[in-house]
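Below you'll find the structure, written out as structure tokens, and then a few comments.
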Amino acid sequence: MTSAGPTAGPTTKGLRLDAPTPLGELAGRRLTDDVFSLPLLTLDDAALAHNIAVAARVCAERGVEHWPHVKTHMSPELWARQEAAGAAGATVATPVQLRTVHAWGVRRALLANELLDERDAAWLRSALEGDGGLEEAWLEVDSPRGVEVLARAFDGASPDVVARLGVLVELGAAGARTGLRSLEEVRGLARAVHDAGLRLLGVVGYEGAVAGTTDAPGRAAVAAWCGQVRAAAEALVADGLVAGVPVLSAGGSAFVDVVLDELPRPSADGSVPRVVVRSGAYVSHDHGHYERADPWSRIAGAEPLRAAITVWGQVLSVPEPGLALLGVGRRDVSFDIDLPTPMWLRPASDDNLGAALPLTGARVTALNDQHAFVSLDAGTTLEPGDVVGLGISHPCTTFDKWRVAAVTRGDDVVDLYTFDF
């Protein structure tokens, strides 16, 4: 699709504009066109299509729902592609993100955190009471306070509106992130949800906080945690707190293979739970953390994902042998897990954004706000004016540094996507 609605202007990073311009007018150009400036974020269209298709197909084959975590990109255009491929809902991390996706027209949303601000809870009630917008919203709770906030906000709401609010009790793990630490705590809080007249759906959690590695011991730890989620959900059904099939939900960006093996297992009575995975970083993948962790490559019949993100920056200085400085820094690329990886070179003689050549023998060793320090092996040279394409690690903290990305097929810009951070 072509993004004709959003407008960019002279202050938009990655673009060289003299006046406000509809982004739809910029599609159909080439990266060498003067309208694009450096640094520049590009998304490979074929890689996006591949990644979205792989996740959609695997989830469909396993009979699970995919509610991708759109906090990864906060892009209405990327969400539209995910929804078109079969995503049943969108996951968000904060109330403002919930309001944002509501503005996109998302019909089903999961807030993967506890909602504790009375004002946000009041807004949610109004959104569910509105016409033609949010049809269903799910939230997590891990404290009596979270239940009380929801109960007060929805006190007096019509049964139809209350039925469109789904509550999931969050199970965590000792030393991990949010979530209750024991089965008895889960049962007690679930009872509070039920007694407050709210609709209890099941159990939710984030398995990525359980294990720091995707090796065999890490996957075993996640599998054990998934077993606890199943046991908790079965206990809530046995307690009469969940009517019908319980919902079980996990993240899945690094451990979706384990989640898909463990959560959909039938319960003792033979019933199969409703499983929702929230994988988000899959959509763009990366050249670092998720390339190493890629769970889709461990699923029989699936395919490895492909990195879609490249951040392009110009060589600003070569002050001494073996060192080059790029005009790309912490304001442009992720650095919370790994530093970026030089992947491509466009020599200055090729008008900066000519054909990209593989770049070897170069490593980013440090980042400042607007500079990357690149160490060069003997035999590898960069010159001022050259353009380097960087692969990144952890897409979530690259997307949030941009408001526009060029979507490319080769050097052709086929669309421009926006980010609502």
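The figures follow:
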{"read-out": "So Asp269, is it buried (at least 17 other Cβ atoms within 10 Å of the Cβ), outside the structural domain of Gly385 (by TED's automatic domain parsing) and among the charged types (D, E, K, R)", "value": "no"}
{"read-out": "Number of positions in region 295-317 that are in a strand (DSSP E or B) and small (Gly, Ala, Ser)", "value": "2"}
{"read-out": "Candidate set from region 172-228 (those that are charged (D, E, K, R) and not in a loop (DSSP other than H, G, I, E, B)); member that is surrounded by the most Cβ atoms within 10 Å (Cβ to Cβ)", "value": "Glu207"}
{"read-out": "The listed residue being over 25 Å from Ile392 (Cα atoms), crowded, with 21+ Cβ neighbours inside 10 Å, within 24 Å of the chain's Cα centre (by Cα) and of a type in the set (Val, Ile, Thr), out of Val58, Val70", "value": "Val58"}
{"read-out": "Residues within region 229-259 that are in a strand (DSSP E or B), touching a residue at least 60 places away in the same chain (Cβ under 8 Å) and of a type outside the set (Gly, Ala, Ser), tallied", "value": "1"}
{"read-out": "Subset tally (residues that are over 13 Å from Leu40 (Cα atoms) and either crowded, with 16+ Cβ neighbours inside 10 Å or over 23 Å from the mean Cα position of the chain (by Cα) (or both)) for region 303-321", "value": "11"}
{"read-out": "Qualifying residue in region 277-294 (condition: of a type in the set (Gly, Ala, Ser), touching a strand residue (DSSP E or B) at 6+ places or on another chain (Cβ under 8 Å) and in a strand (DSSP E or B))", "value": "no"}
{"read-out": "Some residue of region 134-147 being assigned to a strand (DSSP E or B), over 17 Å from Val259 (Cα atoms), among the aromatic types (Phe, Trp, Tyr) and touching a residue at least 40 places away in the same chain (Cβ under 8 Å)", "value": "yes"}
{"read-out": "Lone qualifier among Ala355, Ala324, Ala300 - being over 11 Å from Leu390 (Cβ atoms), of a type in the set (A, V, I, L, M) and crowded, with 24+ Cβ neighbours inside 10 Å", "value": "Ala324"}
{"read-out": "Subset of region 83-126 (residues that are within 16 Å of Glu65 (Cβ to Cβ), out of contact with any helix residue (DSSP H, G or I) (no Cβ under 6 Å at 6 or more places or on another chain) and assigned to a loop (DSSP other than H, G, I, E, B))", "value": "Ala87, Ala88, Gly89, Val106, Arg107"}
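Residues checked against (1) within 30 Å of Ala174 (Cβ to Cβ); (2) in contact with a helix residue (DSSP H, G or I) (Cβ under 9 Å, 6 or more places away or on another chain); (3) modelled with pLDDT of 95 or more; (4) of a type in the set (Asp, Glu):
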site	(1), (2), (3), (4)
Ala56	no, yes, yes, no
Leu128	no, yes, yes, no
Trp138	yes, no, yes, no
Pro144	yes, yes, yes, no
Asp155	no, no, yes, yes
Ser158	no, yes, yes, no
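The values are calculated or read from the model by the stated rules, or taken from the named source; none is laboratory data. Note that the structure is a prediction, hence the values are computed from the model and not measured. Cβ atoms come from the backbone with ideal geometry, glycine included; neighbour counts cover every protein chain shown.
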